[in-house]
Every structure is written in structure tokens, then in C-alpha cells.
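Everything on this sheet refers to the single structure shown next.
The values are calculated or read from the model by the stated rules, or taken from the named source; none is laboratory data. Note that the structure is predicted; figures quoted are calculated from it, not measured. Cβ atoms come from the backbone with ideal geometry, glycine included; neighbour counts cover every protein chain shown. Just the protein is used for accessible areas: all its heavy atoms, side chains included, with ligands, DNA and RNA removed. Shrake-Rupley method; radii C 1.70, N 1.55, O 1.52, S 1.80 Å.
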Amino acid sequence: MGNCIKEVVQKYVLKHKTRDPFKLAELLGIEVQKGTPGCAGCYMFLKNHRYIFLDQNLEERELLQVMAHELGHAILHKKQNCYFIRHKTLLLNSKTEQEANIFAAELLIDDGIILEHPEYTNSQLARLLGYEERLIEWWMQNNNK
């Protein structure tokens, strides 16, 4: 599962020359709207169009993490409607949520940054990158570190 997702992410990053989930969504024709959806974010497939809804009150790094997660759903689970429940999704064990989490970790974390700091703990890497420690853990698990 994880290696396939890593390959998918690498394909998009190389093709579009960005790791920015907002730019990727724009290039892929995925509509992104900020507002108050009642959760941190959600992906919906409606009338053959892909939409990502994000909570406008999220802090910048959390917004990027939620956006990357939802973009994972849009790419990996195109025809499913998936919800990212703040503070809970990273703990859910469903296959689609695990895949979206791995997608977000692979998109937002460049392998080079981890490899440059082999002595850093997950907590230190999370502070360095500005993401939740759980995102680092997903990357580590997916890359067998």
C-alpha cells in the first residue's frame, strides 16, 4: 500500500514540480473552498466533480496537512466522499484514512529533510517541519525507518 502511494505522490510532484497541495488541486481541477464545514476538512465527489472543503479557521500548517490529506482522498479515492474529523482522523484505522494519511505525509515531507537529520527524533522533526508528530510517524512507518 505505502510504496504505491509514495510512487503516486512522486509522479505528481515530478510532473507538476510542486509539493503544495493547493497548487496540485488547482492543476488537477479540484475545487477548494474554505468555510465552516463542521469539520477540519472533507472531500466530496459530486456530479462528476471533485471538491475539497476546509475549515477557514485552521492555522497555516494544519491547513496544509488537512489539505494534503483531502487531496489524497481526491486522488486515491476519487469517487468516495471522505471526511477528515479534526484530531480523530489520524487515529482512525480504515484503509482509506490510512492511505490519505500516508499520501499527506509523503507529499508534505521531502525525503531529503529526514535523511539530512538522521539523529533527530520524530518530535524534533515535527518541530522543524511545523507539522504534527503523527505525520512524521506516518512517514517513518511508510518508509520503514
message: Based on this model, can you work out whether GLU97 counts as at pLDDT below 90 and in contact with a Ser or Thr (Cβ under 6 Å, 6 or more places away or on another chain)?
response: yes
- prompt: GLU106: open to solvent by 40 Å² or more (accessible area, probe 1.4 Å), under 19 Å from GLU62 (Cβ atoms) and at pLDDT 90 or above, yes or no?
  reply: no
Residues within region 71-94 that are at negative phi and modelled with pLDDT under 65, tallied: 11
field: Scope region 115-136; condition open to solvent by less than 70 Å² (accessible area, probe 1.4 Å) and among the aromatic types (Phe, Trp, Tyr); matching residues
entry: TYR131
query: If you check LEU58 against the conditions, is it free of Cβ contacts under 8 Å to residues at least 12 places away in the same chain and of a type in the set (A, V, I, L, M)?
result: no
Residue, modelled with the highest pLDDT, within region 20-47, restricted to residues that are under 15 Å from the mean Cα position of the chain (by Cα) and in a strand (DSSP E or B): VAL32
- prompt: Given the conditions (1) touching a helix residue (DSSP H, G or I) at 6+ places or on another chain (Cβ under 7 Å); (2) in a helix (DSSP H, G or I); (3) modelled with pLDDT under 95, which single one is not true for VAL9?
  reply: (3)
